[in-house]
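Peer 1: Handing you this structure, nothing more for now.
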Amino acid sequence: MSKKIENEEFEYVSDDDNDMVDKKLNKIKKILKQCQKEKEEYLAGWQRAKADLINYKREQEQKISDYYKFANEGFISEILPVLDSFELALKHTKEKRKREEILQLYNQLLNILKSNGVEEIKALGEKFNPEFHEAIGEIKGERGIVIEETQKGYFLNKKVVRPSKVKIGK
């Protein structure tokens, strides 16, 4: 039985029908809550997976970047003795013209190494640091300070490729 009031239709429902509707409504609400719980779990899982993927990509990009930064490390380690030989030649060459030629070659090699991320480790007058310096002896001087450098050390992109061999004050 229905009755129309101001363009709206209402049905009269008995108490038994109300109970059945309430039960169905409660069942639907339970199912909705369960669906919402599952949705939140799935969303949280998806968000974690997405964050993990982003972190993984970032780590891989960093590894690739580091690989390119230090790919030449072995080659540079082999070139450093050549640089040492140039330095020795400069120390022992007295003739001005030969000295200038050697210096020119030395500077070219040094510029190539610098453009590839190689830097000298400062040692003379610095406080001894075992991360950058290798002590090969002690001589008279200020305690713990590098007094003499027997072989230069080098960084490759802020990483020690070869420590400086030094004598420190005692």
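Peer 1: Pick from segment 93-134 the residues that are farther than 27 Å from Lys167 by Cβ and basic (Lys, Arg): which of them is surrounded by the most Cβ atoms within 10 Å (Cβ to Cβ)?
Peer 2: Lys98
Peer 1: Same structure again: Quick check on segment 37-59. Is at least one of its residues polar (S, T, N, Q) and either part of a loop (DSSP other than H, G, I, E, B) or at pLDDT below 90 (or both)?
Peer 2: The answer is no, given that none of the residues of segment 37-59 is polar (S, T, N, Q) and either part of a loop (DSSP other than H, G, I, E, B) or at pLDDT below 90 (or both).
Peer 1: If only one of Glu38, Glu61, Glu95 is charged (D, E, K, R) and closer than 30 Å to Glu148 by Cα, which one is it? So that I can check it myself, show each step before the final result.
Peer 2: Numbers: Glu38 fails: closer than 30 Å to Glu148 by Cα; Glu61 fails: closer than 30 Å to Glu148 by Cα.
Being charged (D, E, K, R) and closer than 30 Å to Glu148 by Cα holds for just one of Glu38, Glu61, Glu95, which is Glu95.
Peer 1: Looking at the structure I just gave you, is Asp66 at pLDDT below 95, more than 30 Å from Lys159 (Cα to Cα) and of a type outside the set (Gly, Ala, Ser)?
Peer 2: no
Peer 1: For the structure I just gave you, tell me whether Ile147 is surrounded by 11 or more Cβ atoms within 10 Å (Cβ to Cβ) and in a helix (DSSP H, G or I).
Peer 2: Numbers: surrounded by 11 or more Cβ atoms within 10 Å (Cβ to Cβ): yes; in a helix (DSSP H, G or I): no.
Answer is no for this residue.
The values are calculated or read from the model by the stated rules, or taken from the named source; none is laboratory data. What you see is a predicted model; the values in this text were computed from it and never measured. A quick note on method: Cβ atoms are made from the backbone with ideal geometry, for glycine too, and the neighbour counts reach across all protein chains shown.
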